[in-house]
Amino acid sequence: MRNALSFGWASAVSILLDVVLGSLWFCLEFTLIAVGFATIPVLGLGIVPLAAGIALTRISGPSERLRRNALLETTVPPVARSRTTATGWRRPLAQTWNDVRDPVTWRILLGHLLTMVVGTVFFGIVWTGTLAALGLIVGSPNLFAEALLDATEAAPGARIPLGIAILAAVAVAVYCGGLVSRTITPLFGPSSAVELRTKVDSLAGARQGAVDAAAIERQRIERDLHDGAQPRLVAMAMTLGMAKAKFDSDPEAARAMLETAHGDAKAAITELRQLARGIHPAVLTDRGLDAALSALAARTSVPTTVDVRLERRLPGEIEGVVYFAIAEALTNVSKHSDAANCAVVVGCRGAVLTATVTDDGRGGATGADGTAHGELGQGGLAGIAARVRSAGGTMTLDSPNGGPTTLTLELPCAS
């Protein structure tokens, strides 16, 4: 939470808005809904005010949620409200009936009622206390100050200290009003059951993403071993076998074969070292994302700039996901984009890390179905999406035909 002073000012503004907006929304919506229900028996005329009152909750609820999130530092997520599939003249009737049965409608109406009550009570306390305190301090008692003096029988010399004490109590009341108002905010968001179901779905998606990412990574390692180090080791074994057979009869030929086998062994060691670096590069562990991505960009065939705006090291899991996702994205850029330039930007704002990879190529890349510039399979964008999903993040792609292509990753970055 922000410091007490800034939260106090935010609470004061919130109390004032609670009175104005809470009263406006509740009175308007309640009046329309009540009139609608009361006049429906009269040739169905009440359907118009009823539909209007119900529809207003779709505007007032989200606006109140946003206002409270901004002022009172709540993090209530938006609530998804159902839309009817009816068409034609039946659509407004069906939508009104859906909203009447939707608990969200009545939660929002209850939220406006409580907002109006809480705002009115605390505004009355603050207004009365402020007037009384000012009357005591400036020496011109008003109605509230005189009532307070009669009740306390305070001496004339005690009026200023009493006024200051009342102002302090008013400040406390403002702060408490903000705290009480915070407790109403969840009424403008999803119910606890819906929120829990959303979290469960998110965790299930992250788990499936981890499984998919592990399978894709395993297939990549198998492919690299099968196409790289394994053939070299087989060739080395065959060369050593031939050198052994010629060791006595043709020592010069055997020596040449040993030189060839030695070269194959060094090449296999190099490929295995590169493969190990691909599993987890040492520079990422030792020096962090900035150095690791800079090294990655230096090995990319397309000229790539890297801009990492991080004030601290991130959790190792997040650094690994970002590194390998960007590595796969740069591989796609090199293979398929025909780009002349590429840019990587990584930054953390609040609790969300955002990483973008932008190239000026021909575009036409598709989303997380695994297709990137015509490349199908379990690699490419499917691998990136699986990695990001496994860490609770999201991937979006903007790639119109003709370019440019922008890949955006968003992941939690709180340590």
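Observations on the model:
- Distance histogram for region 1-190 (every C-alpha pair counted, 10 angstrom bins, percent rounded to whole numbers): 9, 28, 24, 18, 12, 6, 2, 0
- 3J(HN,Hα) couplings calculated from phi for region 119-133 with the Karplus curve 6.51 cos²θ - 1.76 cosθ + 1.60 (θ = phi - 60°) are, in sequence order, x, 5, 4, 6, 5, x, 5, 5, 5, 5, x, 5, 4, 5, 5 Hz; Gly and Pro show x.
- Using a Förster distance of 56 Å, the FRET efficiency for ILE160-CYS27 (Cβ separation, nearest 0.05): 0.85
- Each label was represented as a point 7 Å from its Cα along the Cα-to-Cβ direction; for SER82 and ARG101 these points are 0.6 nm apart.
- Charge-dipole axis of region 306-370 as Lys and Arg at +1 and Asp and Glu at -1 on Cβ define it, positive-most pick from ALA329, PRO315, ALA343: PRO315
- VAL352 long-range amide H proximity, modeled H, under 5 Å: CYS413
- Using θ = phi - 60° and Karplus 6.51 cos²θ - 1.76 cosθ + 1.60, couplings along region 288-301 (whole Hz; Gly, Pro as x): x, 5, 4, 5, 5, 5, 5, 5, 5, 5, 5, 8, 7, 5
- Under a 5 Å amide H cut-off, with hydrogens placed 1.01 Å from N, ILE40 pairs with GLY46 among residues at least 5 apart or on other chains.
- Residue by residue, region 35-44 carries 3J(HN,Hα) couplings of 4, x, 4, 6, 9, 4, x, 8, 6, x Hz when phi is fed to the Karplus relation 6.51 cos²θ - 1.76 cosθ + 1.60 (θ = phi - 60°); x denotes Gly or Pro.
None of the figures in this text is laboratory data; all of them are computed from the coordinates on show. Nothing here was measured: the structure is a model prediction, and the numbers come from that model. Cβ: placed from backbone, ideal geometry, glycine included. Neighbour counts: every protein chain shown.
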